Amino acid sequence: MSERETWTSRVGFILAAVGSAVGLGNIWSFPFQTATNGGAAFLVVYLVAVFLIGFPVMLGEFVIGRRSERNAVEAFRALGFGEWSIVGGLGVLSSFVTLAFYSVVGGWVLSYIVGSVTGGYLGDAGAYFGTVSAGPIAVAAHAVFMALTVAIVALGVTDGIERATKLMVPAIFVLMGGLAVWVSTLDGAGEGYAYYLSPDVGVITGDLAGIVPPAVGQAFFTLSLGFGAMIAYSSYLGRDDSLPADGSAIVVVNTLVALLAGFVVFPVLFAIEGSIPESGGAGTAFTALAGAFSQIPGGRAIGLGFFIVLLLAALSSSISLLEVSTSFVADRTGYDRVPTAVGLGVLVALVGIPTALDTGVLGWYNDVVFNLLLPLSVLFISLFVGWVADDQLAAELNLGSSFGNGFSTVWLWWIRIVIPVAIGGTLLLGIQSLLVKAGVLAAPIVLG
Ligand code: PFF
């Protein structure tokens, strides 16, 4: 087996991890979730979830990866707890299923780049979404998006992932910053900011049970937790990095991009009347934005810039999703990275086809990942870190850390008690919502 690669620099690792974190979750879902869930009030719940629940779990994945220097499945065995490998297996499965539908949405983004150039969505934004979101065009665009993902992963950790994210992440920032400045000049920008940022506290106090699970789910998803991606990425790290410092940087930058996305989306939506979508469902973001781009001055150019940012963000995340299974299969079998990435990419593309034919199926994949696989994986990872491999992992966190040993003690107790309780509650509410949607339960039992 060839020698395991490592990141060439600390910045390389941070940018790759930021690339994984910043994705469709930040730019496509976050602004709409915020808007429909009480504006700035949701933001507060989300920020609490990101910093107090997401960040400690991220450190948990980092120590597992760096200590073991293995992929998400074999990491558990290398630490001496082979029976926990099933948790890594759950991560591989989740990353696989997620990539299958994530790539379909990535394909939509490609179609919207084309639509910005050709003017395809200018006439009727709803009809355009109907054409590109399900059917042969969606399947073809999904295949192209997967091919791009495979190409980067096949090139390797340093020549592929690190090099690509070093270009993509700064480009996302520059383009998004430029767009935010540009759209601030649109009529209606002020109202857009007000809508985005005014806290509607009533929504939060009235429906806490409805807000907390999506906020916690979004926090895990946006930080790429639970799928083994951060385990895989940190397994290519040297010992002298301060994990708490790197983790803080990643979480802060990821949050800034999400916030910035809102500063682009809302002025655009408020530049024309009546285009605030009722719900943040799969298609609304695309139809509402494309509808607005067709009517505002310079809209097509803004649209092109926006969808390019979305593509870069989606790609820098999808490569980390594919890296989870690629590193597992390549480590395990000793196969070369290129055939491994290609083979897995083809498999993922096939699994994604039903979601490219029917947006309802896509919604189902999404619900199962969000309500079940994600919280379940994170719950097991926290139990493993807090109660099973706690001593060696707390020691690992101290290596290279600038935060002192007291930090790792507090972190360990937090991950032992607070996190499992928080996720356990989220998981129950998530399963309940799946059962209600499937018609097994007529109405919620807990906190209905
Ligand atoms: N963090 C990505 C986003 O916000 O779109 C999604 C993601 C990527 C989740 C990689 C999980 C993962 F392993």
Exercise. So who's got an amide H within less than 5 Å of the one on residue 441, skipping anything under 5 residues away but keeping other chains? H placed 1.01 Å off N, in plane.
Worked result: 436
Exercise. Just how far, in whole angstrom, is region 422-438 from region 146-165 if you go by their alpha carbon centroids?
Worked result: 36 Å
Seminar exercise, completed: Here P(r) for region 136-194, Cα-Cα distances in 5 Å bins, as whole percents, is 4, 15, 13, 13, 13, 13, 12, 11, 5, 1
For this session: Starting from the Cα-Cα distance between residue 201 and residue 187, subtract it from 0.36 nm times their residue separation and give me the gain in nm to one decimal.
Result: 2.3 nm
For this session: Starting from the Cα of residue 301, move 7 Å in the Cα-to-Cβ direction to define the label point; list residues of region 157-194 whose amide nitrogen is under 13 Å from there.
Result: 179, 182-183
Exercise. Given the alpha-carbon gyration tensor of the chain, what are the semi-axes of its equivalent ellipsoid in whole angstrom, ordered largest first, with each equal to the square root of 5 times an eigenvalue?
Worked result: 33, 25, 21
Exercise. How many nm separate the modelled label positions at residue 245 and residue 418, each set 7 Å beyond the Cα in the direction of the Cβ?
Worked result: 2.4 nm
Problem set entry | Residue order, fewest to most surrounding Cβ atoms within 10 angstrom, among 336, 358, 240 | 240, 336, 358
Seminar exercise, completed: Measuring from the longest principal axis of the C-alpha atoms of the chain, the long axis of helix 85-118 (C-alpha) lies at a number of degrees, nearest 10, equal to 30 degrees
Exercise. Which of rounded, prolate, oblate describes region 297-373, given a ≥ b ≥ c as roots of the alpha-carbon gyration tensor eigenvalues and a/c under 1.5 marking rounded, otherwise prolate only if a/b is larger than b/c?
Worked result: oblate
Problem set entry | Estimated D of region 121-233 in µm² per second, where Rh is the Kirkwood radius over Cα pairs and Stokes-Einstein applies at 37 °C, 0.692 mPa s | 174 µm²/s
Problem set entry | Cut-off 19 Å (backbone N to label point 7 Å along Cα→Cβ of residue 409), residues of region 238-256 | 244
For this session: Within the set of other residues whose C-beta is less than 11 Å from the C-beta of residue 152, count the net charge using Lys and Arg as +1 and Asp and Glu as -1.
Result: -2
Exercise. What is the gain in length, in nm to one decimal, between residue 78 and residue 8 on full extension, counting 0.36 nm per residue of separation less the C-alpha to C-alpha distance?
Worked result: 22.8 nm
For this session: Express the relative contact order of the chain as a whole percentage, based on alpha carbon pairs under 8 Å and six or more residues apart in sequence.
Result: 32 percent
Exercise. Stokes-Einstein at 10 °C, 1.306 mPa s, Kirkwood radius from Cα pairs: D for region 365-439 in µm² s⁻¹?
Worked result: 116 µm²/s
For this session: Just report the Cα centroid separation between region 371-392 and region 168-207, whole Å.
Result: 34 Å
Exercise. Using every alpha carbon pair in region 11-103, what percent of pairs falls into each 10 Å bin from 0 up to the bin containing the largest distance?
Worked result: 13, 34, 36, 14, 2
Exercise. What full-extension length gain, to one decimal in nm, is calculated for residue 127 and residue 86 as 0.36 nm per residue of separation minus the Cα-Cα distance?
Worked result: 10.4 nm
Problem set entry | Degrees separating the helix 10-21 axis from the principal Cα axis of the chain, which is the longest one | 50 degrees
For this session: In Å and from the alpha-carbon atoms only, list the Rg and Dmax of region 1-155.
Result: 19.5, 60
For this session: Arrange 114, 22 by Cβ neighbour counts within 10 Å, fewest through most, would you?
Result: 114, 22
Problem set entry | Rg(Cα)/(2.2 N^0.38 Å) for region 311-448, N = residue count | 1.37
Seminar exercise, completed: Long-range amide H partners of residue 6, meaning residues 5 or more apart or on another chain whose placed amide H is closer than 5 Å, are none
For this session: Run the numbers on region 1-124 and let me know its relative contact order in percent, using alpha-carbon pairs under 8 Å that are six or more apart.
Result: 8 percent
For this session: Using only alpha carbon pairs under 8 Å that are at least six residues apart, calculate the relative contact order of region 319-413 and give it in whole percent.
Result: 14 percent
Problem set entry | Whole-Hz ³J(HN,Hα) from phi, Karplus 6.51 cos²θ - 1.76 cosθ + 1.60, for region 329-338, glycine and proline x | 5, 5, 4, 6, 9, x, 5, 5, 4, 5
Exercise. Going by how many other beta carbons lie within 10 Å of each one, how would you line up 253, 385, 436, fewest first?
Worked result: 436, 253, 385
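Only the coordinates and a few stated rules stand behind these numbers; no lab work does. Just so it is clear, the model here is predicted, and its values are computed rather than measured. Counting neighbours? That spans all protein chains shown, and the Cβs are built from the backbone with ideal geometry, glycine included.
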